[in-house]
């Protein structure tokens, strides 16, 4: 099919082109309590073609189209001609295409890539239910997706790279009926099958659900030292990936510059060291991906993003990253980090960090109020909000680590004096 | 459009017939789509013809001894029918044979397959393709340039996109065919306060075409004016206040706070408090809530992704919860009729119970009368996000703007950002005034949890209620 597309592109004569072929397979299982709701599988192939057009002034316009695998020849030619014509109306300042790369990346030797997807789905579904043994909480429902994706990128500049990747992801809901009937939602995503990690996550979430069932709506409005854990730490730190992206810097939404201190720690608190972790060998533009230092002790080291915006800024094009790693080793063990008084917000209905405004916030579904006298009370309800720009100099991290497909780093962070709207 | 589907229609019928030899039920949903978006901002201009909705493919559904099984694919011809049947059987068998100990099939009666046949297209005035890329980008750019004339504006990002799709559903007794075109547009103005960047957006939507541009063009002054106001906004003092919701905020409460709680696949899972409240007062008698295709908006269609015909479902009738909305599998499990709410993100994804166009009916009170009735409170505008909590009916919605009202008048002070919290029935029972005119908006997508994005619209009238703000 790629050769067919290339043949159809020739008469259109764009200044440059890129073709991405994606072949995706899945095995999917859906459960309601300990019953199988639905089995699904998927086998699809797509071709995304990006055509670039250049005008006499050196400006470049581009259009991307997605094509099905069995498109008729005449339809293919028409769609490509139409896309190339359209590109002439979306002209932007000129830029160089990504440097050519030829590589057939060696496929990772993992069970996910070597075994039938159904086998991995079986392993992970067993892991899902293995710890569904809590005395009062149980799995209400779960969804499991095992995915394998083969990608090939070919371009007019000579790039020809291919690789195979995969992922196991999904979600589950833990429920506890007494004394209050409550639930906690939890999603998961692993680049490699991780049955032990999934079982541990289920056990922890069931325990949180049991605590939420006895949580009280007693939280008073006020200012609290806030403890965030797990994926919520990654959400906070996504502020730094957002603000350092070429896509935000080029239009002036972010004023960050490489070499500048974008996070300055006050005495006794931690300077941030962050890395972008490559989870795929190439970006969707065919740019080789590698791990990169984003912040070193609060100083911005990398501006990252797609080819066009990085070229505009005179930066090396890095591709778009999915995983952020926090390299801080942490100041304190978690037990010491949550020294009283503080509020450990465990789960939210939806916790968000807005990289534009710098505001973080969400409504708590389970938090632990840890008081001066050591009393720990599960609480529910109330919302937190803070401007990270005002708090970022006073961050403390735990020594314990957390790993997921999107965030790796300290398990917990403590942020002082966060506003809470309580009962 | 999408004549390709006409060519393969006989083969699709043969596929269903072949599957029926092995399974008690078989259906296929075939979809083809065309999508295009245009955008302009300081980042440049862009045209894209591939996206979330631009899917072209097939999903078959069957019932075997274990229950429901599906297979999604995007290569099809009559010659491939044996291969598709073989792959489906292999995958279903492998999944059924490797279940963890103690996991059994969920008993599911086979959904009814009553005879139905229809073919229909939605209407539009100007197809975006006829208007053309050059003209559309020119008009979007004019909107942006006008916005940038306002001093203090960092940027104005303008966007329009449309989706035209055709879906064919074939089962033993059903042959359904629909073609729909919807268009949306939006503009976001940005302003800076130190390192803090504030934004304000407006979106527009229609079950139609590029005629929507006229509405976009009339809204730019409002967007730039409000973002400058936002730069002077203050943080909210948490508390419970008399609030007036604009139609967009009413829509967010309808959709996020209440609508997700009456999606009946949540009843099957015992995840929705609403299941125990059918027949009871859950809202003020001023509240009547609908979902369905009685209105023309972006989520209007003739049949859903399981082949159930759409209609108008009254969820709340003058404060009393009458019923939920339902997909076909959940309806079979609960022993009720499906309501045409079985929707997929695309042919690649599972069908869930999903909202369509969801809204409160209008009342008799004008917005001016509502403001005049408030001693101290806020006018809430411009919802930015919301999250459902069907199990506990907790509210988490965010709005961009709360305008202060004192002694029946707007003071000019504004607060931002605002988090709405509380218990859904408390909020709905506190509704004391409803405006006469309803407005629906379908600029965004709705997720089930954090995925499965489908196009929806929501709305209602101006509404007065008691709400906890933070």
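The values are calculated or read from the model by the stated rules, or taken from the named source; none is laboratory data. Since this is a predicted model, take the numbers as computed values, not measurements. In this analysis, Cβ positions are derived from the backbone assuming ideal geometry, glycine residues included, and neighbour counts consider all displayed protein chains.
Let's see how each residue does on (1) at pLDDT below 95; (2) assigned to a loop (DSSP other than H, G, I, E, B):
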residue	(1), (2)
A:350	yes, yes
A:363	yes, no
A:368	no, no
A:381	yes, yes
A:385	yes, no
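Among the residues of the range A:1-34, how many are within 30 Å of the chain's Cα centre (by Cα) and surrounded by 16 or more Cβ atoms within 10 Å (Cβ to Cβ)?
Within the range A:1-34, residues that are within 30 Å of the chain's Cα centre (by Cα) and surrounded by 16 or more Cβ atoms within 10 Å (Cβ to Cβ) number 17.
I need the full set of residues from the range B:382-394 which are over 19 Å from residue B:445 (Cα atoms) and touching a helix residue (DSSP H, G or I) at 6+ places or on another chain (Cβ under 7 Å), in order please.
First pass over the range B:382-394, keeping only residues over 19 Å from residue B:445 (Cα atoms): B:391-394.
Once the filter is applied, which keeps residues that are over 19 Å from residue B:445 (Cα atoms) and touching a helix residue (DSSP H, G or I) at 6+ places or on another chain (Cβ under 7 Å), the range B:382-394 yields B:391, B:392, B:393.
Can you tell me which of (1) surrounded by fewer than 18 Cβ atoms within 10 Å (Cβ to Cβ); (2) facing chain A (nearest Cβ under 10 Å); (3) farther than 30 Å from residue A:94 by Cβ; (4) in contact with a strand residue (DSSP E or B) (Cβ under 8 Å, 6 or more places away or on another chain) is the one residue B:7 doesn't meet?
In the conditions (1) surrounded by fewer than 18 Cβ atoms within 10 Å (Cβ to Cβ); (2) facing chain A (nearest Cβ under 10 Å); (3) farther than 30 Å from residue A:94 by Cβ; (4) in contact with a strand residue (DSSP E or B) (Cβ under 8 Å, 6 or more places away or on another chain), residue B:7 misses (4) alone.
Restricting to the range B:68-90, and then to whatever is touching a helix residue (DSSP H, G or I) at 6+ places or on another chain (Cβ under 7 Å), without any contact (Cβ under 8 Å) to a residue 60 or more places away in the chain and closer than 20 Å to residue B:55 by Cβ, can you tell me which residue is surrounded by the most Cβ atoms within 10 Å (Cβ to Cβ)?
B:71
If you check residue A:270 against the conditions, is it farther than 29 Å from residue A:18 by Cα, surrounded by 17 or more Cβ atoms within 10 Å (Cβ to Cβ) and in contact with a strand residue (DSSP E or B) (Cβ under 9 Å, 6 or more places away or on another chain)?
When the stated conditions are applied, residue A:270 passes them.
Do we find a residue being surrounded by 24 or more Cβ atoms within 10 Å (Cβ to Cβ) and more than 14 Å from chain A (Cβ to nearest Cβ) anywhere in the range B:259-266?
The answer is yes, given that some residue of the range B:259-266 is surrounded by 24 or more Cβ atoms within 10 Å (Cβ to Cβ) and more than 14 Å from chain A (Cβ to nearest Cβ).
For the range A:111-135, how many residues are away from chain B (no Cβ under 14 Å) and surrounded by 15 or more Cβ atoms within 10 Å (Cβ to Cβ)?
The qualifying residues number 3.
With respect to residue B:275, is the statement that it is surrounded by fewer than 21 Cβ atoms within 10 Å (Cβ to Cβ), modelled with pLDDT under 95 and either more than 14 Å from residue B:458 (Cβ to Cβ) or not assigned by TED's automatic domain parsing to the domain that holds residue B:260 (or both) true?
yes
Does residue B:110 count as more than 10 Å from chain A (Cβ to nearest Cβ) and in contact with a helix residue (DSSP H, G or I) (Cβ under 6 Å, 6 or more places away or on another chain)? Show your work before the answer.
Working: more than 10 Å from chain A (Cβ to nearest Cβ): yes; in contact with a helix residue (DSSP H, G or I) (Cβ under 6 Å, 6 or more places away or on another chain): no.
Taking the combined requirement at face value, the residue does not satisfy it.
State the number of residues belonging to the range B:369-403 that are in a strand (DSSP E or B) and closer than 23 Å to residue B:254 by Cα.
Pass one, the range B:369-403, residues in a strand (DSSP E or B): B:376-387, B:394, B:396-403.
Now restrict to residues that are closer than 23 Å to residue B:254 by Cα: B:377-387, B:394, B:396-403.
Qualifying residue count, the range B:369-403: 20.
Search the range B:128-156 for residues being outside any helix (DSSP H, G or I) and out of contact with any helix residue (DSSP H, G or I) (no Cβ under 7 Å at 6 or more places or on another chain), and hand back the single one that is nearest to residue B:299 (Cα to Cα). Please lay out each step first, then the result.
Residues of the range B:128-156 outside any helix (DSSP H, G or I): B:132, B:149-156.
The next check asks that each one be out of contact with any helix residue (DSSP H, G or I) (no Cβ under 7 Å at 6 or more places or on another chain); those that pass are B:132, B:149, B:151, B:154-155.
Numbers: B:132: 25, B:149: 35, B:151: 38, B:154: 34, B:155: 31 Å.
Only one residue fits best here, namely B:132.
Residue-wise test of (1) over 16 Å from residue A:235 (Cβ atoms); (2) more than 13 Å from chain B (Cβ to nearest Cβ).
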| residue | (1), (2) |
| --- | --- |
| A:364 | no, no |
| A:377 | yes, yes |
| A:381 | yes, no |
| A:403 | no, yes |
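Could you look through the range B:232-268, keep only residues that are modelled with pLDDT of 95 or more and outside any helix (DSSP H, G or I), and pick out the one that is nearest to the chain's Cα centre (by Cα)?
Among those that are modelled with pLDDT of 95 or more and outside any helix (DSSP H, G or I), it is B:263.
Scanning the range B:397-416 for residues that are touching a strand residue (DSSP E or B) at 6+ places or on another chain (Cβ under 7 Å) and free of Cβ contacts under 8 Å to residues at least 40 places away in the same chain, which turns out nearest to the other protein chains (Cβ to nearest Cβ)? Before you say what the answer is, go through the steps one by one.
Of the range B:397-416, the ones touching a strand residue (DSSP E or B) at 6+ places or on another chain (Cβ under 7 Å) are B:397-406, B:410-411, B:413-416.
Those still in the list that are free of Cβ contacts under 8 Å to residues at least 40 places away in the same chain too: B:398, B:403-404, B:406, B:410-411.
Details: B:398: 8, B:403: 19, B:404: 17, B:406: 21, B:410: 23, B:411: 22 Å.
Looking at residues that are touching a strand residue (DSSP E or B) at 6+ places or on another chain (Cβ under 7 Å) and free of Cβ contacts under 8 Å to residues at least 40 places away in the same chain, I get B:398.
So for the range A:93-102 (the condition being surrounded by fewer than 15 Cβ atoms within 10 Å (Cβ to Cβ) and either within 11 Å of chain B (Cβ to nearest Cβ) or under 30 Å from residue A:43 (Cβ atoms) (or both)), does at least one residue qualify?
Yes, there is a match, as at least one residue in the range A:93-102 is surrounded by fewer than 15 Cβ atoms within 10 Å (Cβ to Cβ) and either within 11 Å of chain B (Cβ to nearest Cβ) or under 30 Å from residue A:43 (Cβ atoms) (or both).
Being within 8 Å of another protein chain (Cβ to nearest Cβ), surrounded by fewer than 21 Cβ atoms within 10 Å (Cβ to Cβ), in contact with a strand residue (DSSP E or B) (Cβ under 7 Å, 6 or more places away or on another chain) and under 30 Å from residue A:91 (Cβ atoms) is the requirement here; does residue B:39 meet it?
Spelling it out, it is not the case that residue B:39 is within 8 Å of another protein chain (Cβ to nearest Cβ), surrounded by fewer than 21 Cβ atoms within 10 Å (Cβ to Cβ), in contact with a strand residue (DSSP E or B) (Cβ under 7 Å, 6 or more places away or on another chain) and under 30 Å from residue A:91 (Cβ atoms).
List the strands (runs of 3 or more DSSP E) inside the range A:99-206, counting only whole elements, that have at least 3 residues being under 18 Å from residue A:23 (Cα atoms) and touching a strand residue (DSSP E or B) at 6+ places or on another chain (Cβ under 9 Å).
So the answer is A:137-155, A:160-176.
For every residue, the table says whether it meets (1) crowded, with 21+ Cβ neighbours inside 10 Å; (2) touching a strand residue (DSSP E or B) at 6+ places or on another chain (Cβ under 7 Å); (3) modelled with pLDDT under 95; (4) in the same structural domain as residue B:215 (by TED's automatic domain parsing).
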site	(1), (2), (3), (4)
B:126	no, no, no, yes
B:129	no, no, yes, yes
B:176	yes, yes, no, yes
B:191	yes, yes, yes, yes
B:194	no, no, yes, yes
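Among the residues of the range A:19-58, write down those that are in contact with a strand residue (DSSP E or B) (Cβ under 7 Å, 6 or more places away or on another chain), farther than 27 Å from residue B:101 by Cβ and not in a strand (DSSP E or B).
Listed by number, the list holds a single entry, A:55.
Exactly one of these conditions fails for residue A:275: (1) away from every other protein chain (no Cβ under 14 Å); (2) touching a strand residue (DSSP E or B) at 6+ places or on another chain (Cβ under 8 Å); (3) not in a strand (DSSP E or B). Give me its number.
With (1) away from every other protein chain (no Cβ under 14 Å); (2) touching a strand residue (DSSP E or B) at 6+ places or on another chain (Cβ under 8 Å); (3) not in a strand (DSSP E or B) applied to residue A:275, the lone miss is (3).
Check the range B:432-439 and report whether any residue there is out of contact with any strand residue (DSSP E or B) (no Cβ under 6 Å at 6 or more places or on another chain), under 30 Å from residue A:182 (Cβ atoms) and either more than 14 Å from every other protein chain (Cβ to nearest Cβ) or assigned to a loop (DSSP other than H, G, I, E, B) (or both). Working first, answer last.
Of the residues in the range B:432-439, the ones out of contact with any strand residue (DSSP E or B) (no Cβ under 6 Å at 6 or more places or on another chain) are B:435-437.
Now restrict to residues that are under 30 Å from residue A:182 (Cβ atoms): none.
Scanning the range B:432-439 turns up no residue that is out of contact with any strand residue (DSSP E or B) (no Cβ under 6 Å at 6 or more places or on another chain), under 30 Å from residue A:182 (Cβ atoms) and either more than 14 Å from every other protein chain (Cβ to nearest Cβ) or assigned to a loop (DSSP other than H, G, I, E, B) (or both).
Name the residue, out of B:15, B:29, that is more than 9 Å from chain A (Cβ to nearest Cβ), farther than 19 Å from residue B:328 by Cβ, surrounded by 22 or more Cβ atoms within 10 Å (Cβ to Cβ) and in contact with a strand residue (DSSP E or B) (Cβ under 9 Å, 6 or more places away or on another chain).
Numbers: B:29 fails: farther than 19 Å from residue B:328 by Cβ.
Just one listed residue meets the conditions, B:15.
Any chance the range B:375-383 includes a residue that's modelled with pLDDT under 95 and under 30 Å from residue A:173 (Cα atoms)?
Yes: one or more hits.
Are any of the residues in the range A:308-317 within 22 Å of the chain's Cα centre (by Cα), farther than 30 Å from residue A:155 by Cα and part of a helix (DSSP H, G or I)?
No, the range A:308-317 contains no residue that is within 22 Å of the chain's Cα centre (by Cα), farther than 30 Å from residue A:155 by Cα and part of a helix (DSSP H, G or I).
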